[in-house]
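The values are calculated or read from the model by the stated rules, or taken from the named source; none is laboratory data. The model shown is predicted, which means the values in this text are computed figures rather than measured ones. Ideal geometry is used to build each Cβ from the backbone, glycine not excepted, and the neighbour counts take in all protein chains shown. Calculation scope for accessible area: heavy atoms of the full protein, side chains included, ligands and nucleic acids excluded. Shrake-Rupley method; radii C 1.70, N 1.55, O 1.52, S 1.80 Å.
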Amino acid sequence: MIYKEVHRFLKRTSLLFFSGVMLMACTTTFEEVVHYNDIELPYIKTFKQDTVTFDKLKAEQARRILNLDEPSDVVTNHSLRSFRVDEIIQVRSTSQSDSIRVTSYSAKTVYDVTMEVYLPEFDMYIPVAYMDSIPAFAQFEFKPSFTGKRINYRKEDGNFISFHYPYFNPDELKPRLVSEDEHFKMLNEIDAKWTIRFSNYDWTAEKGDAGSQWRELRAIYAREWIVFVTNYAYMMTTEEYSHVLERYKEVMGTDLHDNGGTTFTPERYQSEKIRFKQPRTFNCGQTGSSVGGLGGGSTWGVTHWNFYGHYASYSGWNAITHEFMHCMGYGHSSNMTYGGNGWPVFMEHLHVYLNINKRLPYTDRNLLGFHKPENAQYRNGGIDAGFMNDTKTLNFYNTSKVTKYFKANPLN
């Protein structure tokens, strides 16, 4: 009698549910697969969502990265410190594959984050862990409770699925993070596929600054690299950015042109927009003050004052974007690197528009405090107040070509 009732129940469930259970249980008997506590509910829910709190993890499970005293040989170790701008908070497995490792390259804490994993057998995501916060520049591990044993999970429609993952395989389970945190949502909009790494280049502690165009890439500089490269990538996702690229001459007063002086066509604007976001690796460093910046291929370097000047929109962005365009293959004969209304000028004007309207991931120089006196010991240069003039930034905003255009032609 019980067998008949279970049989009728299974006939009423979906084919996906039935085949999923039976295929995964091909080496066991029917009685071993169908665990039930009554006729109407043959499965007992065994799934439990983990709750992870950084401050309650054991010391060996949780740590801060890019602390101000972190040695540059750790900062520049690509296996330890690197990230993609479209994956600023990473989810990986540990070397033993029994735990999940989360590494955040966000300079701000994000809150109320849920981790979901994909179940390929059922073509669905399920929430496996809730994190009340992921601190800025943090790394932690936890052992998920959904691995290592058979789990029964009740779906929203009331049906159950059963699965067994012996360990956490991110390639198969495709983990993703979801949150309503406003900063997290900004980070999640970034679609440039740049890998960011850090380098001392030919600088060594033994040689020091003598005879090199490069300086030691300390953690305080790596942290600011993360801030302005995140802002830069985010700017390229905004509606304003796309809008101007479709009307560049109307907004900026002249068109962009390449190394040979050829003016961009509408098609070239769109193809470069796509190319600038394609997968690339950048080795980011700090140049000496004598050169201001160096760029080309995977080399992307700017000098000391840019690391605090970038918060003031008139200051720093010209060098950052100039060197970026060398990486994109443009030389000094193109207004992609120089020129009155070329690319660096456009990005300065776009930055000030988004900056003043608080529509960037990072707008506050006090967040990391590169310029603060207590952090002088970690820098290898002083602070020039001329690169931090907020009154000048506001005046620049009011005269910016991008500001004037969108005031006259609001998008919404």
- Item | Positions within region 216-237 being over 24 Å from N67 (Cβ atoms) and open to solvent by 10 Å² or more (accessible area, probe 1.4 Å), in sequence order | Y234, T237
- Residue count, region 52-81 (criterion: outside any loop (DSSP other than H, G, I, E, B) and either farther than 30 Å from T195 by Cα or modelled with pLDDT under 90 (or both)): 1
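Report, by residue number, each residue of region 82-110 that is outside any loop (DSSP other than H, G, I, E, B) and open to solvent by 30 Å² or more (accessible area, probe 1.4 Å). It would help to see each step written out before you state the result.
Within region 82-110, the subset outside any loop (DSSP other than H, G, I, E, B) is 83-84, 87, 89-93, 100-104, 110.
Those that are outside any loop (DSSP other than H, G, I, E, B) and open to solvent by 30 Å² or more (accessible area, probe 1.4 Å): R84, E87, R92, S93, R101.
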- Got at least one residue in region 165-174 being polar (S, T, N, Q) and open to solvent by less than 30 Å² (accessible area, probe 1.4 Å)? no
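Scan region 353-369 for residues that are assigned to a loop (DSSP other than H, G, I, E, B), free of Cβ contacts under 8 Å to residues at least 60 places away in the same chain and open to solvent by less than 50 Å² (accessible area, probe 1.4 Å) and report the count.
Looking only at that region, the number is 3.
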- For region 370-397, name all the residues that are open to solvent by less than 70 Å² (accessible area, probe 1.4 Å), in a helix (DSSP H, G or I) and within 15 Å of A219 (Cβ to Cβ). N375, A376, Y378
